[in-house]
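Single-structure report; data block below.
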Amino acid sequence: MSPTVSTIPSGASRETRPTSGANAAPGAGLSLSIPKRMGDLMVEVGALSQEMLDQALEAQRKTGGKLGSLIVSMGFLPEEKLLEFLALQVGIRFEKISERGPIPPEVLAAVPEKLAREHTLLPIALTPGKDGATLTIAVSDPLNVLVLDDLKMMTGYQVVSVLASEREILETIAKSYKQETAQEALDHILEASGSSAAEAQGVQTVSADAEARAAGDDILSLERTGEGSPVIQMANLLIHSAIKARASDIHLEPFPKEVKVRFRIDGVLNEQPAPPKRFQNALTSRIKIMANLDIAEKRMPQDGRIKLKVNNKEYALRVSVLPVVHGEKIVMRINDASALQVDLNKLGFEPEARAVFDKCLRAPYGINLITGPTGSGKSTTLYSALSMLNEPGVNISTIEDPVEYQLLGINQVQVNAEIGLNFAAGLRSFLRQDPDVIMVGEIRDLETAAISINAALTGHLVFSTLHTNDAPGAITRMGMMGIEPFLMSSSLLMVVAQRLVRGICKECRETYEVDADWLVKLGVAKHQLQVSEGGKVALSRGKGCENCVGTGYRGRIGLYEVLEVTDPIRKLIMDRAPISAIKDVARKQGMVNLRACGIRKLLSGQTTVEEMIRVTAAE
C-alpha cells in the first residue's frame with residue numbers, strides 16, 4: 001500500500017511527548033516518540049491500517065519501545081515514508097543526509113561534537129542572508145525545540161531544522177567530526193586536570209607479575225596502533241591525580257556515550273576530567289593488567305591488587321571490576337600505609353567514649369565489635385586498638401580480607417576463599433597458635449560469629465566488625481545470625497558505631513551566625529548553646545580555597561557511639577528486649593549517640609551543619 005500523506009485536519013490535537021535523541025540507542029531508525037494520537041492520524045489518512053496500529057501499540061505495551069520505531073521494525077511502513085509523514089505534520093522538511101556531499105568544516109565547527117552526539121543532531125548547511133547567516137540543523141526529534149533555541153543563542157545564527165534519520169545522523173557524526181587520537185585525548189585530560197606529562201609518567205608498577213602480562217592481545221593491539229603509550233599514561237595519570245587529590249577511591253564508570261571518572265575525596269564523590277568513550281576498553285584492559293586480572297573475562301566480577309610507586313612512595317590499590325550494561329565499572333581503593341593514623345588521641349573520641357574504649361581494650365578476654373558502613377574508618381580504629389596492645393609480651397593474630405596495612409609485630413593472615421581459607425578456617429587455626437588477641441576482619445555468618453564468641457569465652461580478647469546503623473543494632477544483628485542471647489551477654493564487652501564527617505578547612509575557616517531556635521529544631525539542647533543577645537549562635541564554615549580545592553573541607557573527623565555492655569544491658573539481651581529498650585538504658589549509663597557526637601563537633605567549630613545532617617540521623 002502506498003501511503004498518502006496529509007496535513008493535520010483543522011482542530012485536530014497535536015499531542016506530543018518529546019524525547020531527547022540522546023537517550024536513543026545508536027543504530028535505531030528514529031528517536032522520535034510518536035504519541036497514539038499521531039498513530040490514529042496515520043490510520044485516518046490511510047498510511048496505516050487500524051490492525052497495524054493496534055499490533056504496534058500492543059508491542060509497545062509489552063516492550064516499552066517507541067511507537068515510530070516499532071512501526072518501522074514490524075515492517076508496516078518504510079522508515080523514509082514515516083519520516084516524510086512526520087516532517088509534514090510538524091511543518092518541516094525531511095532530509096536524506098546520505099544524498100548530501102561532505103559537510104564543510106566551517107559548518108561542523110558551528111556545533112561541538114559533544115552537543116551533536118548528546119542531542120542526536122547535525123549541522124548540515126550555513127546559508128548567508130541579508131539578516132545574517134542561517135544554520136540548518138538535521139534533527140531526529142523535531143519536538144526538542146529547547147536545544148534549537150540554545151544553538152541560536154550559542155552560534156548567533158538563525159537556526160532552522162530538518163528531520164532526518166537518527167541512524168544517518170549518528171553515522172555522519174562519526175565520519176565528519178575529527179576523531180581524537182589517544183595522545184590528543186591525553187593532552188586534553190592533562191590540560192583539564194592541571195597536571196603535567198611528567199606526572200602522567202611518574203607512576204611505577206611494583207608488581208612484576210602484572211607487568212609480565214603486558215603481552216596480552218589487547219595491549220599488543222594498542223602498541224601496533226601507536227596508542228599504547230598514551231593509554232598507559234592515561235591510567236597512570238588517573239592514579240596520580242587521585243593520590244594528589246587525597247582521594248580514597250577512584251571510580252571509572254561506563255555510560256552509553258561517555259565514561260565518567262569520579263574521585264571520593266573526604267568521603268564525597270567528585271567528578272574529574274575523563275577520557276573519550278572510545279578509549280574505555282583500552283583503559284579498562286590496562287588497569288586489569290596492572291591488577292593481574294584476566295583481560296579476556298568481561299562477564300564476571302573480578303578483584304585484584306596493584307602495588308605501585310608514586311614519587312618514590314609505595315601505595316597499594318584494591319581493584320574491583322564489575323560488568324555493567326555499558327562495559328566494566330572499575331573501583332580502586334587507595335591504601336597509603338604511611339598515612340595510617342594509629343594514635344587513638346587523634347581519632348575524635350569524646351571523653352566518655354574514650355574512657356569506655358580504653359577500659360574494654362585492656363580487658364583480659366571478651367569480644368569488642370566495631371560497626372559502620374564501608375568507608376567509615378572501622379579498619380583505622382581496629383589498627384589503632386591493635387597498635388595500643390602491640391607489645392613484646394602479647395601475641396596478636398589477625399585474619400583479614402584484604403590485609404590493608406601491615407603492622408610490625410602482628411601476625412596477619414589474608415583470606416583466600418579459593419583454597420578454603422575463610423574467616424572461620426583461619427579462626428580455628430588461630431586457637432592452636434596460642435594467641436592473646438585475635439582480630440577478625442568481619443563477622444559475616446553464623447560460623448564465624450560462633451567461633452569468635454567461643455574464642456572470647458575461652459580467654460581471648462577478640463576484635464571484629466559488623467555492618468549496622470548504630471551500636472545497639474549490633475546485638476540485633478548477632479541475634480539474626482543465630483547467636484543465642486546467653487552467648488552474647490556472656491562475651492560482649494563493647495560495641496562501637498562510627499561515622500566520618502568532613503572537617504572544616506583551617507585555611508579558609510570563617511564564622512557566621514544562625515538563629516538559636518533553628519539549631520534547637522535540629523535537636524541541639526538549649527544548654528549546649530552560647531546564645532548572643534540577639535538570639536544568635538556562632539558557627540564555622542569554610543569559604544573555599546586552594547588548600548581545600550574550593551570545597552571548604554579538608555580531612556575527616558570520627559564520630560563514635562560507644563555502647564558498654566554492662567549488667568543491665570546483659571539482662572536486656574537475655575530477655576530479648578527490643579533495641580529501643582537497650583538504647584534507653586545505654587543513654588542513661590552515659591552513651592553519647594552519633595547525632596549528639598556530631599552536634600559536639602559542630603558547636604566546637606570542627607564541622608558544619610550540612611555535614612552533621614548528611615552523616616547522622618535524628619533520634
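The values are calculated or read from the model by the stated rules, or taken from the named source; none is laboratory data. What you see is a predicted model, and the numbers here were worked out from it, not measured in a lab. Using ideal geometry, Cβ is built from the backbone for each residue, glycine included, and neighbour counts are taken over all protein chains shown. The protein model used for the area step is the full one, side chains on, heavy atoms only, and it has no ligands, DNA or RNA in it. Shrake-Rupley method; radii C 1.70, N 1.55, O 1.52, S 1.80 Å.
So the values come out like this:
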quantity: Complete set of residues in region 110-144 that are without any contact (Cβ under 8 Å) to a residue 40 or more places away in the chain, more than 14 Å from residue 162 (Cβ to Cβ), out of contact with any Leu (no Cβ under 6 Å at 6 or more places or on another chain) and surrounded by 13 or more Cβ atoms within 10 Å (Cβ to Cβ); calculated: 115
quantity: Cross-chain or 6+ apart pairs with Cβ under 7 Å, region 596-619 first and basic (Lys, Arg), then assigned to a loop (DSSP other than H, G, I, E, B); calculated: 600/350; 601/607
quantity: Output for region 343-374, where each listed residue is assigned to a loop (DSSP other than H, G, I, E, B) and open to solvent by less than 40 Å² (accessible area, probe 1.4 Å); calculated: 347, 348, 349, 350, 363, 372
quantity: Members of region 593-614 found to be among the aliphatic types (A, V, I, L, M) and buried (at least 21 other Cβ atoms within 10 Å of the Cβ), listed by number; calculated: 594, 599, 602, 612
quantity: Residue selected from region 540-592 under the condition part of a loop (DSSP other than H, G, I, E, B) and of a type in the set (A, V, I, L, M), by the criterion surrounded by the most Cβ atoms within 10 Å (Cβ to Cβ); calculated: 565
quantity: From 58, 79, residue being in contact (Cβ under 8 Å) with a residue 60 or more places away in the chain and open to solvent by less than 80 Å² (accessible area, probe 1.4 Å); calculated: 79
quantity: Odd one out for residue 591 among (1) in contact with a strand residue (DSSP E or B) (Cβ under 6 Å, 6 or more places away or on another chain); (2) without any contact (Cβ under 8 Å) to a residue 12 or more places away in the chain; calculated: (2)
quantity: Residue ID - modelled with the lowest pLDDT, chosen from residues in region 380-416 that are open to solvent by less than 50 Å² (accessible area, probe 1.4 Å) and charged (D, E, K, R); calculated: 404
quantity: Answer residue from region 234-288, given it is open to solvent by 30 Å² or more (accessible area, probe 1.4 Å), over 30 Å from residue 559 (Cβ atoms) and part of a helix (DSSP H, G or I) and is modelled with the lowest pLDDT among those; calculated: 278
quantity: Strands (runs of 3 or more DSSP E) lying entirely in region 421-513 (those with 3 or more residues that are crowded, with 18+ Cβ neighbours inside 10 Å and over 30 Å from the mean Cα position of the chain (by Cα)); calculated: 492-504
quantity: Criterion violated by residue 523 - all others in (1) closer than 21 Å to residue 247 by Cα; (2) in a loop (DSSP other than H, G, I, E, B); (3) not hydrophobic (A, V, I, L, M, F, W, C) satisfied; calculated: (1)
